[in-house]
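Trainee: Right, I'll just put the structure down here and ask away after.
The values are calculated or read from the model by the stated rules, or taken from the named source; none is laboratory data. On a predicted model such as this, the values are computed, not experimentally measured, just so you know. Cβ: placed from backbone, ideal geometry, glycine included. Neighbour counts: every protein chain shown.
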Amino acid sequence: MARRGSQAPPPPDFEENIIDVDVSEEMRGSFLEYAYSVIYQRALPDARDGLKPVQRRILYSMNEMGLRPDRGHVKCARVVGEVMGKLHPHGDSAIYDAMVRMAQPWSMRMPLVDGHGNFGSLGGDDMPAAMRYTEARMTREAMLMVASIDEDTVDFRPNYDGQENEPEVLPAAFPNLLVNGASGIAVGMATNMAPHNLGEVIAAARHLIDNPEATLEDLMRFVPGPDLPTGGRIVGLDGIRDAYERGRGTFRTRATAHIENVTPRRKGIVVTELPYAVGPERVKAKIKELVNNKKINGISDLKDLTDRNVGLRLVIEVKNGFNPEGVLAELYRLTPMEETFGINNVALVDGQPRTLGLRELLQVYVDHRIEVVRRRSAHRRKKREDRLHLVEGLLIALLNIDEVIQVIRDSDDAGQAKQRLMQIFELSEIQAQYILDTPLRRLTRFDRLELEKEKRQLAREIAKLTAILESEKKLRGVVSKELGEVAAEYTTPRRTVLLESSGQAATAQVPLEVADDPCLVLMSSTGLLARTTSADPLPAEGARAAHDVLASVVRTSARAQIGAVTSAGRMIRIEVIDLPMMPPSASPPSLAGGAPVTEYVELEPGERIVGLGTMIGSLALGTEQGVVKRVVPDYPPNRDDFEVIALKDGDRVVGAACVAEDDDLVFITDDAQLLHYSAANVRPQGRAAGGMAGIKLSEGARVIWFGALVPGRESRVVTISGSSTALPGTQTGAIKVADYADFPAKGRATGGVRSHRFLKGEDTLIMAWAGPVPVKAATSTGKPLPVTAELGRRDGSGEKLATPLAALGGGDIGPDPVTASAAETGEPGAEPGAEPPAG
């Protein structure tokens, strides 16, 4: 016995035979065998049916298992086991991965497997469930791939162990390679083919059948470019033309996105389609990385609202102050929302890998399909000829039924009977055997008529098939007709949009950030805020939206700040860029597209916005108890909410306006007194001050309107009288419009002059306003109401109102004056007019 660790001696009959092999030669031979196996058995599709071996084996096995569309799903593990055990001696994961891809509608333009369960997600972000959980069956399109496979249409070969047979290629009733594309990496070569639209490819194939000398330009009239399963856009078609001509080329795919209002205050980019093979998780991760690294600006939020009902929906919220078009152009440039697809049309032709253009791909498929139809027609003719031979023999037996029976009865056994039938009636062995196998119940008169009818039908079909086989033109016509029928039933609309140019020249002209251009901020009588360019006209009478009577107008710039003054004496900072832009295409523009002021400020119960002001100009305030104040524009830079006047108990601000030194400050009280004087008479004070006496009030009177006017401009004073005991909104009262120039200026803290004479039943002013022409008014329902153009006396009583008014305001912003404070700082000023309280 040999010691542990020592080798046992060789047997007595052992003969040593050592062969010296060159390592380089052995490596070369082994590598070539491996490369051959990868190229022909794994990575590259056949140009005829567009399938790799594993895909072909999956479809063939599913067809053999009877997993047709009209039957139930079965576990994918059953299919994988059947394929692996009989045809594909590789790992189950490779078979299942191929099967999963054939079931994904975002991977294939026409899926060949109908999957039930989790088969993954777009871009591979979510892995498919294990094959023991998922189920599958063939799709209707897959049935076209194996149609007529049992009619000797393709060659079969032994499987890996010689116990089964498998098809070398499938009949493929539609051009699967072009429709579904292919991708694979072999040794020393790779393939990457784009999917196309079924209807377009079949139209080109039919044109090639009818015109064998068709050029590439002729075929591209039918196939202008790929049609990707995920839609999107293809920008630039030069690379597609190169790929169709030489088999290699590149093109850029771009996500489909549009800009919409994702919130009332902000716009966003909504992505509904992504480039081929790009998933939403990849896009989201890249955008977050760019935002965190500050390589892209203007994005405030990113939401994935994708679901099964709406499909893909990525919402990218854009910060105010940035152009959504410019942000979208940056996203195309920096993220996978725009990708390059490289076409490399490598496929197997007669067992050899070749790079094919569009015409060559169509020609290979058409030749294959012609061969399939030829072999199918020959097979069907042979079947019908064999059947006709049997029918003719049976008819001979029926015509001589008595003699046939007598021959059979007189024979010793079946063999003798067959030989005697062949000799007496000149039958073939097959006919004689068929007669002997036919039961007596088939030898009736009715069966004879049926057999004669079948004989005529078989003769017609044989003649038709013979004509097809003997005429190349008819054979091509059959192929073309069948392709047309497939296209009519299975074609779907194109999903991918083809763009001649990339559109970069247009997007490059859009700046990323909104320019700090001059603009107007408008507030309606019901508190809607909006901004518009200084060149935009204001709403015309009778053409404006409900409640868009202008209550306040401020001149500023797009990237500046304004302040909303409240009745509690607070100023709340608002970014102008956050306000919605009135569409310049509106004719005329309307504040109906504005946003409520409550979206930008938080108000206490009973508090309201009384006016707007800039953060640089001098601000004038008037209170209900007759206090006036000019605020020094020294607002805290780090606070968005601060006081601008110290109010007495029970007092509140009724109006606010930006003013210059030479502007007029105007008070109107509910006892019909009007006082105006120059703003220069009011010394500016700090924010903590409580102001000074502005108007002397009678006992029980209060200020109902305060504002500022530009001396010398044509302005009006509108007053509406009523009863203090009537319910709000129910009384009509009398309205009077007077010329502002008729009211003399008085000193500060005086009682002013009478502006309205009360009639019987009237004891108060319920509404008042002063500002430049024209005057605007609206009812409680928002209906515009014309204001009388006739001017009354300064202290006249006015005319009776037929409908109660809910709002008075301005309709003109006038010229573009620059306030004194703005002139000193070089910043845009505010229009010191049209500053009534919110109605």
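Trainee: Go over the candidates V682, V601, V632 one by one and state the one that is hydrophobic (A, V, I, L, M, F, W, C), in contact with a Gly (Cβ under 7 Å, 6 or more places away or on another chain) and in the same structural domain as A770 (by TED's automatic domain parsing).
Mentor: Details: V682 fails: in contact with a Gly (Cβ under 7 Å, 6 or more places away or on another chain); V601 fails: in contact with a Gly (Cβ under 7 Å, 6 or more places away or on another chain).
Of the residues listed, the single one that is hydrophobic (A, V, I, L, M, F, W, C), in contact with a Gly (Cβ under 7 Å, 6 or more places away or on another chain) and in the same structural domain as A770 (by TED's automatic domain parsing) is V632.
Trainee: Turning to a different aspect of this structure: So R42 fits all but one of (1) touching a strand residue (DSSP E or B) at 6+ places or on another chain (Cβ under 9 Å); (2) in the same structural domain as M131 (by TED's automatic domain parsing); what number is the exception?
Mentor: The single condition R42 does not satisfy is (2).
Trainee: Then there is this: Does the range 93-114 hold any residues that are touching a His at 6+ places or on another chain (Cβ under 8 Å), buried (at least 22 other Cβ atoms within 10 Å of the Cβ) and not β-branched (V, I, T), and which are they?
Mentor: Correct list: R109 only.
Trainee: Pick from the range 303-323 the residues that are within 24 Å of R559 (Cα to Cα) and modelled with pLDDT of 90 or more: which of them is surrounded by the most Cβ atoms within 10 Å (Cβ to Cβ)?
Mentor: First, the residues of the range 303-323 that are within 24 Å of R559 (Cα to Cα): 316-323.
When the remaining residues are screened for being modelled with pLDDT of 90 or more, the result is 316-318.
Numbers: I316: 26, E317: 17, V318: 22.
Top of the filtered list is I316.
Trainee: I would also like to ask the following. Looking only at the range 383-441, which residues are β-branched (V, I, T) and touching a helix residue (DSSP H, G or I) at 6+ places or on another chain (Cβ under 8 Å)? Don't jump to the end; show me each part of the working.
Mentor: Let us first name the residues in the range 383-441 that are β-branched (V, I, T), namely 391, 396, 401, 404-405, 407-408, 424, 430, 435, 438.
Across the range 383-441, the qualifying residues are V391, I396, V404, V407, I408, I424, I430, I435, T438.
Trainee: Further question: Identify, from the list P128, P175, P167, the residue that is buried (at least 16 other Cβ atoms within 10 Å of the Cβ) and either of a type in the set (D, E, K, R) or under 26 Å from the mean Cα position of the chain (by Cα) (or both).
Mentor: On the way: P175 fails: either of a type in the set (D, E, K, R) or under 26 Å from the mean Cα position of the chain (by Cα) (or both); P167 fails: either of a type in the set (D, E, K, R) or under 26 Å from the mean Cα position of the chain (by Cα) (or both).
Going through P128, P175, P167 in turn, the sole match is P128.
Trainee: Among G655, G613, G626, G606, which is the only one that is small (G, A, S) and closer than 17 Å to G747 by Cβ? Let's see the steps before the verdict.
Mentor: Numbers: G655 fails: closer than 17 Å to G747 by Cβ; G613 fails: closer than 17 Å to G747 by Cβ; G606 fails: closer than 17 Å to G747 by Cβ.
Testing whether each residue is small (G, A, S) and closer than 17 Å to G747 by Cβ leaves just G626.
Trainee: Within the range 221-237, is even one residue within 19 Å of P53 (Cβ to Cβ) and part of a loop (DSSP other than H, G, I, E, B)?
Mentor: If we filter the range 221-237 for residues that are within 19 Å of P53 (Cβ to Cβ), which is where we start, we get none.
Looking through the range 221-237, none of the residues is within 19 Å of P53 (Cβ to Cβ) and part of a loop (DSSP other than H, G, I, E, B).
Trainee: Still on this structure, I have one more. Out of the residues in the range 188-220 that are outside any loop (DSSP other than H, G, I, E, B) and acidic (D, E), state the one that is farthest from the chain's Cα centre (by Cα).
Mentor: In the first step, residues of the range 188-220 are kept if they are outside any loop (DSSP other than H, G, I, E, B); the result is 190-193, 198-210, 216-220.
With acidic (D, E) added as a condition, the list becomes 200, 210, 217-218.
Details: E200: 24, D210: 39, E217: 32, D218: 33 Å.
Result: D210.
Trainee: Which condition does S93 not pass, out of (1) assigned to a loop (DSSP other than H, G, I, E, B); (2) hydroxyl-bearing (S, T, Y); (3) free of Cβ contacts under 8 Å to residues at least 12 places away in the same chain, if it passes all the others?
Mentor: Going through the list (1) assigned to a loop (DSSP other than H, G, I, E, B); (2) hydroxyl-bearing (S, T, Y); (3) free of Cβ contacts under 8 Å to residues at least 12 places away in the same chain, S93 breaks only (1).
Trainee: Can you tell me which residue is farthest from I202 (Cα to Cα) among those in the range 489-516 that are under 19 Å from the mean Cα position of the chain (by Cα) and modelled with pLDDT of 70 or more?
Mentor: L499
Trainee: May I ask you to list the residues in the range 559-593 that are at pLDDT below 90, touching a Leu at 6+ places or on another chain (Cβ under 9 Å), surrounded by fewer than 20 Cβ atoms within 10 Å (Cβ to Cβ) and hydrophobic (A, V, I, L, M, F, W, C)?
Mentor: A592, the sole residue that qualifies.
Trainee: Hey, another quick one. Return the residues of the range 556-577 that are in a strand (DSSP E or B) and in contact with a Lys or Arg (Cβ under 9 Å, 6 or more places away or on another chain); say none if nothing qualifies.
Mentor: Start the filter on the range 556-577 by keeping residues that are in a strand (DSSP E or B), which leaves 556-557, 561-566, 570-575.
Within the range 556-577, T556, Q561, I562, G563, A564, T566, M571, R573, E575 qualify.
Trainee: Which of (1) modelled with pLDDT of 95 or more; (2) outside any loop (DSSP other than H, G, I, E, B) does G184 not meet, given it meets every other one?
Mentor: It is condition (1) that G184 fails.
Trainee: Right, something else. Of the residues M99, M108, M131, which single one is touching a residue at least 40 places away in the same chain (Cβ under 8 Å) and under 23 Å from H368 (Cβ atoms)? Spell out how you get there, then give the answer.
Mentor: On the way: M99 fails: under 23 Å from H368 (Cβ atoms); M131 fails: under 23 Å from H368 (Cβ atoms).
That would be M108, the only listed residue that is touching a residue at least 40 places away in the same chain (Cβ under 8 Å) and under 23 Å from H368 (Cβ atoms).
Trainee: Can I ask one more? Can you tell me which residue within the range 140-159, out of those that are assigned to a loop (DSSP other than H, G, I, E, B) and touching an Asp or Glu at 6+ places or on another chain (Cβ under 9 Å), is surrounded by the fewest Cβ atoms within 10 Å (Cβ to Cβ)? Quick ask: steps written out before the conclusion?
Mentor: First pass over the range 140-159, keeping only residues assigned to a loop (DSSP other than H, G, I, E, B): 147-155, 159.
Right, trim to touching an Asp or Glu at 6+ places or on another chain (Cβ under 9 Å) and you get 153-155, 159.
Values: T153: 25, V154: 21, D155: 10, N159: 15.
If we take residues in the range 140-159 being assigned to a loop (DSSP other than H, G, I, E, B) and touching an Asp or Glu at 6+ places or on another chain (Cβ under 9 Å), then D155 is surrounded by the fewest Cβ atoms within 10 Å (Cβ to Cβ).
Trainee: So which residues in the range 763-785 are buried (at least 22 other Cβ atoms within 10 Å of the Cβ) and either assigned to a loop (DSSP other than H, G, I, E, B) or free of Cβ contacts under 8 Å to residues at least 12 places away in the same chain (or both), if there are any at all?
Mentor: Answer for the range 763-785, where residues must be buried (at least 22 other Cβ atoms within 10 Å of the Cβ) and either assigned to a loop (DSSP other than H, G, I, E, B) or free of Cβ contacts under 8 Å to residues at least 12 places away in the same chain (or both): there is none.
Trainee: Only one of these is at positive phi and free of Cβ contacts under 8 Å to residues at least 12 places away in the same chain: G120, G162. Name it. Spell out how you get there, then give the answer.
Mentor: Working: G120 fails: free of Cβ contacts under 8 Å to residues at least 12 places away in the same chain.
Unique residue meeting the criteria: G162.
Trainee: To continue, here is another question. From the list L619, L665, exactly one residue is touching a helix residue (DSSP H, G or I) at 6+ places or on another chain (Cβ under 9 Å), aliphatic (A, V, I, L, M), touching a residue at least 40 places away in the same chain (Cβ under 8 Å) and assigned to a strand (DSSP E or B). Which is it?
Mentor: Values: L619 fails: touching a helix residue (DSSP H, G or I) at 6+ places or on another chain (Cβ under 9 Å).
Matching residue, one of L619, L665: L665.
Trainee: Given the structure, is I343 of a type outside the set (S, T, Y), without any contact (Cβ under 8 Å) to a residue 60 or more places away in the chain and in a strand (DSSP E or B)?
Mentor: Details: of a type outside the set (S, T, Y): yes; without any contact (Cβ under 8 Å) to a residue 60 or more places away in the chain: no; in a strand (DSSP E or B): yes.
It is false that I343 is of a type outside the set (S, T, Y), without any contact (Cβ under 8 Å) to a residue 60 or more places away in the chain and in a strand (DSSP E or B).
Trainee: Please go through the range 355-386 and give me each residue that is hydroxyl-bearing (S, T, Y), buried (at least 17 other Cβ atoms within 10 Å of the Cβ) and within 45 Å of the chain's Cα centre (by Cα), ordered by number.
Mentor: Y365
Trainee: Is the range 759-769 home to any residue that is touching a Lys or Arg at 6+ places or on another chain (Cβ under 7 Å) and either in the same structural domain as L675 (by TED's automatic domain parsing) or closer than 30 Å to A568 by Cβ (or both)? Show your work before the answer.
Mentor: Applying the first criterion (touching a Lys or Arg at 6+ places or on another chain (Cβ under 7 Å)) to the range 759-769 yields none.
The answer is no, given that none of the residues of the range 759-769 is touching a Lys or Arg at 6+ places or on another chain (Cβ under 7 Å) and either in the same structural domain as L675 (by TED's automatic domain parsing) or closer than 30 Å to A568 by Cβ (or both).
Trainee: Looking for whichever is crowded, with 20+ Cβ neighbours inside 10 Å, under 51 Å from the mean Cα position of the chain (by Cα) and over 23 Å from G181 (Cβ atoms) here; the options are L51, L87, L59. Which one fits? Before the answer, list the steps.
Mentor: Values: L51 fails: over 23 Å from G181 (Cβ atoms); L59 fails: over 23 Å from G181 (Cβ atoms).
Unique residue meeting the criteria: L87.
Trainee: Please work out which one of (1) part of a helix (DSSP H, G or I); (2) under 39 Å from the mean Cα position of the chain (by Cα) is the condition R68 fails and give its number.
Mentor: (1)
Trainee: Please work out if A734 is at pLDDT 85 or above and aliphatic (A, V, I, L, M). I'd like the intermediate steps shown before the answer.
Mentor: Numbers: at pLDDT 85 or above: yes; aliphatic (A, V, I, L, M): yes.
It is true that A734 is at pLDDT 85 or above and aliphatic (A, V, I, L, M).
Trainee: Please work out if V549 is within 30 Å of D651 (Cβ to Cβ), modelled with pLDDT under 85, among the hydrophobic types (A, V, I, L, M, F, W, C) and touching a Leu at 6+ places or on another chain (Cβ under 8 Å).
Mentor: On the way: within 30 Å of D651 (Cβ to Cβ): yes; modelled with pLDDT under 85: yes; among the hydrophobic types (A, V, I, L, M, F, W, C): yes; touching a Leu at 6+ places or on another chain (Cβ under 8 Å): yes.
For V549, the condition - within 30 Å of D651 (Cβ to Cβ), modelled with pLDDT under 85, among the hydrophobic types (A, V, I, L, M, F, W, C) and touching a Leu at 6+ places or on another chain (Cβ under 8 Å) - is met.
Trainee: Among the residues in the range 594-616, are any touching a Cys at 6+ places or on another chain (Cβ under 7 Å) and either at pLDDT 90 or above or not in a loop (DSSP other than H, G, I, E, B) (or both)? It would help to see each step written out before you state the result.
Mentor: So in the range 594-616, the residues touching a Cys at 6+ places or on another chain (Cβ under 7 Å) come out as 613-614.
After this cut, where a residue has to be either at pLDDT 90 or above or not in a loop (DSSP other than H, G, I, E, B) (or both) as well, the list is 613-614.
Within the range 594-616, one or more residues are touching a Cys at 6+ places or on another chain (Cβ under 7 Å) and either at pLDDT 90 or above or not in a loop (DSSP other than H, G, I, E, B) (or both).
Trainee: Take I240 and decide whether it is in a strand (DSSP E or B) and β-branched (V, I, T). Show your work before the answer.
Mentor: Details: in a strand (DSSP E or B): no; β-branched (V, I, T): yes.
No: the conditions fail for I240.
Trainee: From the list R137, R132, which one is touching a Lys or Arg at 6+ places or on another chain (Cβ under 7 Å), within 22 Å of M84 (Cα to Cα) and assigned to a loop (DSSP other than H, G, I, E, B)? First the steps, then the outcome.
Mentor: On the way: R137 fails: assigned to a loop (DSSP other than H, G, I, E, B).
Going through R137, R132 in turn, just one is touching a Lys or Arg at 6+ places or on another chain (Cβ under 7 Å), within 22 Å of M84 (Cα to Cα) and assigned to a loop (DSSP other than H, G, I, E, B): R132.
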